[in-house]
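Asks: Okay, here's the structure, questions in a sec.
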Amino acid sequence: MGYGREIYAAAENELRERRRLAEEDADRRRAVFYRSCPRAQQIERTLAGTSVGAARAVLSGKDTAETLKAMKEKNLGLQTELTLLMKEHGIDGTAPHYRCSACRDTGYVDGKMCSCLKDLLRTESYRRLNALTPLSLSTFESFSLQYYSDEPREERPSDRSIMRNTLRYCINYARQFGPDSPNVILTGNTGLGKTHLSLAIANVVIKKGYGVVYSSVGSLITKLENEHFGRDTGTEALDSLQSCDLLILDDLGTEFRNSFSTSAIYGVINSRLLLKKPTIISTNLSTKEMTDYYSERFASRIIGSYDRIAFVGRDIRQQKRSEAAAGKAPKP
Ligand SMILES: Nc1ncnc2c1ncn2[C@@H]1O[C@H](COP(=O)(O)OP(=O)(O)OP(=O)(O)O)[C@@H](O)[C@H]1O
Ligand SMILES: [Mg+2]
Ligand SMILES: [Zn+2]
């Protein structure tokens, strides 16, 4: 799954911490056991010593088979005695109790990523996204079509019927999300639900186990500037923007524009196109403005390779504010 590098690092840290806790706990239990049962410590020391003894026997070459057989028998005897002693002292072993017995909290089983590490990555990516924007508020369930007018317009369907299609598109996009999902540009005026629906998509896609990175274009530029001009070492931001399963770039056109920002945005969008990784962009800009602000090349790249989804209606931030002022309950 494509997560940012810092998400892998956080998950690895968590695993390291789990191992440490399990091992410390085992040390503690062992110490208590040995204190009350010195014979057990003696046995464990002998057992630990026998592997060295076995290696010596093999190296010396003398009666190897005989020596090894005798050692094995002695070991079995000691092990039985140890098990009995543990039972007597009410101890269920002195080995670490790892949180995940499959991978012993290493995150990998036979070179493959363990499900516990996958869970950790997903949780971490969710936590980070949530720290930026409360995901729990922006869901498909909390998206109401009542805010969009039902009045039919000349030559075009009502706002509500356009938005019903938009909502349907986004729900299907989230449900069917996969590496081959299309790129989408959500366009329309301020306060019409673009950020709301892109976060609702993120919610569902993260729960499916994909790595999602959400960033406003403004903060993307800041991160890339810091890397580019050496204020941050490494290229973590760029890596995660390029490699995540789904990138959500919010508010294209509101960033402070200069030649660096324009080429940085173009670079990210273009490399994701080349890697065939889906991106969702939201913007207030019309196609004409996009051409004016960036370049013909930039605009045509986006028009040619993105599904364009329209948001129409009256600013819902304002509608909610007037509702609140009038003491009305929010729309169902
Ligand atoms: N259909 C809706 N039902 C309920 N709440 C909505 C709906 N659409 C938007 N909202 C809420 O209205 C506010 C503004 O919506 P949002 O931020 O998604 O707008 P936007 O299109 O991204 O605007 P901008 O272009 O300014 O970024 C948010 O608090 C959002 O949760
Ligand atoms: Mg927005
Ligand atoms: Zn595991």
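Asks: Please tell me if Glu236 is in contact (Cβ under 8 Å) with a residue 60 or more places away in the chain and over 20 Å from Ser198 (Cβ atoms).
Replies: Values: in contact (Cβ under 8 Å) with a residue 60 or more places away in the chain: yes; over 20 Å from Ser198 (Cβ atoms): yes.
Against the criterion (in contact (Cβ under 8 Å) with a residue 60 or more places away in the chain and over 20 Å from Ser198 (Cβ atoms)), Glu236 qualifies.
Asks: Check off (1) within 26 Å of Glu289 (Cβ to Cβ); (2) hydrophobic (A, V, I, L, M, F, W, C); (3) touching a helix residue (DSSP H, G or I) at 6+ places or on another chain (Cβ under 7 Å); (4) more than 16 Å from ligand 2 (Cβ to nearest atom) for Ile162 and give me the number that stays unchecked.
Replies: With (1) within 26 Å of Glu289 (Cβ to Cβ); (2) hydrophobic (A, V, I, L, M, F, W, C); (3) touching a helix residue (DSSP H, G or I) at 6+ places or on another chain (Cβ under 7 Å); (4) more than 16 Å from ligand 2 (Cβ to nearest atom) applied to Ile162, the lone miss is (3).
Asks: Mind listing just one residue for me: the one in the range 81-108 that is aliphatic (A, V, I, L, M), touching a helix residue (DSSP H, G or I) at 6+ places or on another chain (Cβ under 9 Å) and without any contact (Cβ under 8 Å) to a residue 60 or more places away in the chain and, of those, nearest to ligand 3 (Cβ to nearest atom)?
Replies: Ala102
Asks: Which numbered condition trips up Lys74, out of (1) in contact (Cβ under 8 Å) with a residue 24 or more places away in the chain; (2) within 19 Å of Phe33 (Cβ to Cβ)?
Replies: Every listed condition holds for Lys74 apart from (2).
Asks: If you check Ile43, Ile7, which single one turns out to be within 30 Å of Val212 (Cα to Cα) and surrounded by 15 or more Cβ atoms within 10 Å (Cβ to Cβ)?
Replies: Ile7
Asks: Within the range 157-170, can one find any residue that is under 17 Å from Gly253 (Cβ atoms) and touching a strand residue (DSSP E or B) at 6+ places or on another chain (Cβ under 7 Å)?
Replies: For the range 157-170, residues under 17 Å from Gly253 (Cβ atoms) and touching a strand residue (DSSP E or B) at 6+ places or on another chain (Cβ under 7 Å): absent.
Asks: Out of Tyr306, Tyr294, which single residue is touching a strand residue (DSSP E or B) at 6+ places or on another chain (Cβ under 7 Å) and either surrounded by fewer than 20 Cβ atoms within 10 Å (Cβ to Cβ) or aromatic (Phe, Trp, Tyr) (or both)?
Replies: Working: Tyr294 fails: touching a strand residue (DSSP E or B) at 6+ places or on another chain (Cβ under 7 Å).
When all the criteria are applied, what remains is Tyr306.
Asks: Going by the conditions given, is Val268 assigned by TED's automatic domain parsing to the domain that holds Tyr173 and within 16 Å of ligand 2 (Cβ to nearest atom)?
Replies: no
Asks: Okay, next question. So Arg18 passes all but one of these: (1) of a type in the set (D, E, K, R); (2) over 30 Å from Tyr126 (Cβ atoms); (3) surrounded by 12 or more Cβ atoms within 10 Å (Cβ to Cβ). Which condition number does it fail?
Replies: Status for Arg18: all satisfied but (2).
Asks: For the range 116-139, state whether one or more residues are on the phi > 0 side of the Ramachandran plot, of a type in the set (Lys, Arg) and not assigned by TED's automatic domain parsing to the domain that holds Ala310. Write out each step before concluding.
Replies: Taking the range 116-139 as the starting set, the residues that turn out to be on the phi > 0 side of the Ramachandran plot are none.
Checking the range 116-139: not a single residue is on the phi > 0 side of the Ramachandran plot, of a type in the set (Lys, Arg) and not assigned by TED's automatic domain parsing to the domain that holds Ala310.
The values are calculated or read from the model by the stated rules, or taken from the named source; none is laboratory data. Given the structure is predicted, the values throughout are model-derived calculations rather than measurements. Cβ: placed from backbone, ideal geometry, glycine included. Neighbour counts: every protein chain shown.
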